[in-house]
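**Student:** I have a structure here, written as C-alpha cells, and I will follow up with some questions on it.
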C-alpha cells in the first residue's frame, strides 16, 4: 500500500514523498485495516485525503487544526488545569 505525503519535515523542498506500507496479515495488519476502512467509509471520494477536517469536507488536516483539537481534548479531560 502506498501513501503520498505532500510535504514532511524530511522533505525540505516540499516535493512530496511516497511511503510504502507492507502487509503483515496478522491482527494488526495496516493493509487489512485500510481495506476494512475503505469498505465502510463510503462518504469520501477515492482521492480525498484520508483524514478530513469534517466528515463531508474534503480538506486535509492542517497543523492548526490538529493543535486546536489536541487543546480541546486536553481541556476536556482536565489537563492543564491548576492543582
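Every number in this text was worked out from the coordinates using simple rules, so none of it is lab data. Keep in mind that this is a model prediction, so the values were computed, not measured. Using ideal geometry, Cβ is built from the backbone for each residue, glycine included, and neighbour counts are taken over all protein chains shown.
**Student:** Could you list, in sequence order, the residues of segment 61-75 that are more than 18 Å from the chain's Cα centre (by Cα) and surrounded by 12 or more Cβ atoms within 10 Å (Cβ to Cβ)?
**Tutor:** 74
**Student:** Can you name the residue in segment 1-37 that is in a helix (DSSP H, G or I) and under 14 Å from the mean Cα position of the chain (by Cα) and is also surrounded by the most Cβ atoms within 10 Å (Cβ to Cβ) among such residues?
**Tutor:** Going residue by residue through segment 1-37, those that are in a helix (DSSP H, G or I) are 30-37.
Subset that is under 14 Å from the mean Cα position of the chain (by Cα): 30, 33-34, 37.
Numbers: 30: 12, 33: 11, 34: 16, 37: 11.
Going through the qualifying residues, I end up with 34.
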